[in-house]
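The values are calculated or read from the model by the stated rules, or taken from the named source; none is laboratory data. These numbers come from a predicted model, not from an experiment. Heads up, the Cβs are rebuilt from the backbone with ideal geometry, glycines too, and the neighbour counts pull from every protein chain shown. When the accessible area is computed, the model is the full protein with side chains, heavy atoms only, and any ligands, DNA or RNA have been set aside. Shrake-Rupley method; radii C 1.70, N 1.55, O 1.52, S 1.80 Å.
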Amino acid sequence: ASLAFALLTTAGWTFHLLEALASPSWRRPIKQDKSCTGSRQVIMPLAAGTVNTNVQFEVRPLEGITVVEFGTYLVGPLVGLHLQHLGARVIAVTRPATARGAADEAAWRPATVAALQEGKQLMELDLQSKQGASAARALVLKHADVMIENFSPGTFERLGLGAPALRKEKPSLVCLSLPGFASSDPALASMPAWEAVILALAGVFRDMGVNRQLMNIPASYSPLPLASSYASVLGALSVVAALYRRNAAIKGGVDPAAAPGEAIEVPLASALLDTLVHNSLDFNCPERYISARQRFLDRRNTSSPKATVKEQLHYDDVEELMDPFYNHYRCADGRPFYLVAPAHIRHQQNTLEVLGLDAAALGLPLAKPYDDDESTAHGLGAGQVGDACAAKVRRAMKRAFLAKTAFEWETLFGEAGVPGAAHRTTVEWLKSPHAREAGLVTTADNGDVRPGPVAWVREELSLVDEPVEYIESPPSSPRLHKGKGCLAGIRILDLANVIAGPTIGAYLARFGAEVIHVAPPKPMYSPEITVVYGMATNVGKRSIILDIKEEEGKKAFAALVAESDLVVVNCTLACLERLGLSPSELRRMNPRAALVRFDAWGGPREACGDRTEHLGYDDNVQAAQGIMARFGGGLGRVEEHAHVGTIDVVAGIGGALAAAAALMQQLKGPTRGTLVARASLASLGQIVEAVDDWRIWRLKLLLVLHGLGLSAEVNTPCCAVIRLVMESGLSLQQACSSQKMPRIFRSANSQRSVSYSKKLWSLHAMAALLSSPLMPDWAIHFCSFSSREMRRTGLGSFWRQVCLLFSSDPCQTCGKIIFVKPTCSSQDQLSNLELTSTTPLAVQ
């Protein structure tokens, strides 16, 4: 029967496929990938015996766009990479090897630089010479649609390459500048804007969340390039939005040479603070919605501004304050699992079912978090189960999780529709089957593993639906010129919830789009999610409460869709089908509309990977991609990178980038299928985290080994330390104080048989652990050595190597030395410092 149906379908609809292939919007069909668990041509996972009736076409919305990139280090080249993934041709202008700073950049992260340049046309120009600057100017004016630069403010103006001068000659040019601080900032515009300088100045290191405050850790270094990665996605979105306005004007009859370009500035510091908005909201919140951790901290701060030894909590103490449905649990294999199911009653009920626990036996009441009755504020369906039963529920869950391995629980919770993830190291994620099969990572010819695109667009064509006539809006649509901004006249329906999904519409509204938020009559989440997160994610939107599952609501929703250009949802493929919003259904309601779909684990290979249908939040992706293992100190001490929206907000901006790219594709003319714009938490999380080095951080390891005077052989002390920690699950502090460590050093390098004191050992062990991809994100404070001790022990060489990565300046208040700025010119600075045994030294 299946074969007969397939033959009839093929015979009856071959003309439909041929017509699509012959249309102007034809794109190369996505090929079958044998490593994938399902066909890349399949929209929904197919049951046995069913027929593949959907074809997906690769779409390159920026095809025909030329980008000239004057980028150094990370953020500029990263913007070029995002645009290249969407189809743009990128010409990367590099400086000669003899130019000032070129050697430092070449030695920075060779594998990262290679990945950022892959697929780009490289052109070497010395911009400091008149000939080089003149050639660069000619290149931009003759070939570029977009120019990107991330130099300090005023640099390009001095070279004659400033946006005002270039756009005077070429008004259609889109110029993107990415300075560290805004060029209009009188205090900070001229400050050398290295990544860690921006993060330090913005307060990121001092604001690592409630957990670190409870442990009385005033500042925590993070190597995640948050400012650069956030600014790169926001910069790419700004460029595509500007290109849309320019191309829409050209389509409306404006002379291409006179079409409106744009001069855009995205300061890294501004992008950083904007993306971390949920950490800086200041509002009064009733105590019933405040977590146990925050209440404990508030009480402690009220009694004493500075925590005493007794009041300072340790890692295990903090975990006991976390809600049972929002916690780490050790499993049968010793690996931790991160359960994230607060504020959603169905997720919590399914959690108990998977674990074999009974809510009544645990004394878990059913909460009514939106009622005024304080007695029903906590329980199932609320952000917290409540202090009365939290300890009992947590103990029961701890026992239950010990019955299976973390990966077994990951499968069970995923199938049950509960957000959860087994903790992994970054290396484990990059090598995981799901990351490869979903297309989230790619492998270069030399074996380097690299993140895939952050956003992508495809066209989906159904072979069984009746052909739908494409209705193209006239060039002078009544809505086209209303409002201000690059996306003025665009209408968007937003059905998303929590943080990342609604952020898509929020950022598109900033660019002038009309965004209508469609909310259900009964909120899916408790107020901690719906109300608090909505303060930032619903700014600039209109809203309507609509039950799209009821007949009357369906009609109203269909009427809204008929007048919209984009429909935004954050859900899995199965959920999309249940909502009646599959691409084919959307096409019936409005052939012009594009679907913007966001999820947790999806990649460019649709429906591929064993986690593609699993739910997940920012926290789960942090756990799965190794961010928590790095920040906390390995799998033995996982800890959330404590910023609300570390991945969420930038992922939403990535979704907005995909949406703007889909609008660009709509300008090219009618499509026979439905455009689907895509991004995911996993695709953006990799840019936030794995961009630290796409060769699994081997460069750091070699630098520290060299500083210790050790070889880079497999059996070096560093590797031995890493193996020991991996096998034992020790925390960093435990590893540094372990009695086994000095013996490992002596046996691994007999020629260097030094009698290590505990203090000296801690330094070497810390350096080794910092070089590991598992655990570089922690700080250990100890008394420093005097200059004489440093000379006697040979540590001077080590410190000079450390200064290849970080410059050092003593704090004027406490005397601590904080290494913050990546540079290669601070060796003399260190040699002038006089370290004494009374100087506290914070080394990261």
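Observations, loosely collected:
- Among residues of the range 582-618 being among the aromatic types (Phe, Trp, Tyr) and open to solvent by less than 10 Å² (accessible area, probe 1.4 Å), the one that is nearest to Ile499 (Cα to Cα) is Phe598.
- Every residue from the range 625-647 that is in a helix (DSSP H, G or I) and either at pLDDT 95 or above or among the β-branched types (Val, Ile, Thr) (or both): Ile627
- Of all residues in the range 194-212 being touching a Lys or Arg at 6+ places or on another chain (Cβ under 9 Å) and open to solvent by 20 Å² or more (accessible area, probe 1.4 Å), the one that is farthest from His314 (Cα to Cα): Trp194
- Elements of type helices (runs of 4 or more DSSP H) in the range 519-608, at least 3 residues being of a type in the set (Lys, Arg) and closer than 23 Å to Pro61 by Cα: none
- Restricting attention to the range 329-375, the residues that are touching a residue at least 60 places away in the same chain (Cβ under 8 Å), more than 22 Å from Tyr289 (Cα to Cα) and part of a loop (DSSP other than H, G, I, E, B) add up to 5.
- Selection count, the range 210-235, where residues are at pLDDT below 85 and β-branched (Val, Ile, Thr): 1
- Test for Thr503: is it open to solvent by 50 Å² or more (accessible area, probe 1.4 Å) and modelled with pLDDT of 90 or more: no
- The listed residues are Leu667, Leu635, Leu663, and the only one of them that is more than 13 Å from Ser229 (Cβ to Cβ) and surrounded by fewer than 24 Cβ atoms within 10 Å (Cβ to Cβ) turns out to be Leu667.
- Under the condition of being in contact with a Ser or Thr (Cβ under 7 Å, 6 or more places away or on another chain), touching a residue at least 40 places away in the same chain (Cβ under 8 Å) and surrounded by fewer than 22 Cβ atoms within 10 Å (Cβ to Cβ), the residues counted in the range 177-193 number 1.
- Flag set for Thr98, criterion: open to solvent by 60 Å² or more (accessible area, probe 1.4 Å) and assigned to a loop (DSSP other than H, G, I, E, B).
- Here Glu195 fulfils each of the conditions (1) at pLDDT 90 or above; (2) out of contact with any strand residue (DSSP E or B) (no Cβ under 8 Å at 6 or more places or on another chain) apart from (1).
- Test result for Arg578, surrounded by fewer than 19 Cβ atoms within 10 Å (Cβ to Cβ) and closer than 26 Å to Asp610 by Cα: yes
- Meets criteria (of a type outside the set (D, E, K, R), under 30 Å from Leu276 (Cα atoms) and without any contact (Cβ under 8 Å) to a residue 40 or more places away in the chain) for Ala519: yes
- Test: residue in the range 146-154 that is open to solvent by 20 Å² or more (accessible area, probe 1.4 Å), assigned to a helix (DSSP H, G or I) and either at pLDDT 90 or above or at positive phi (or both): no
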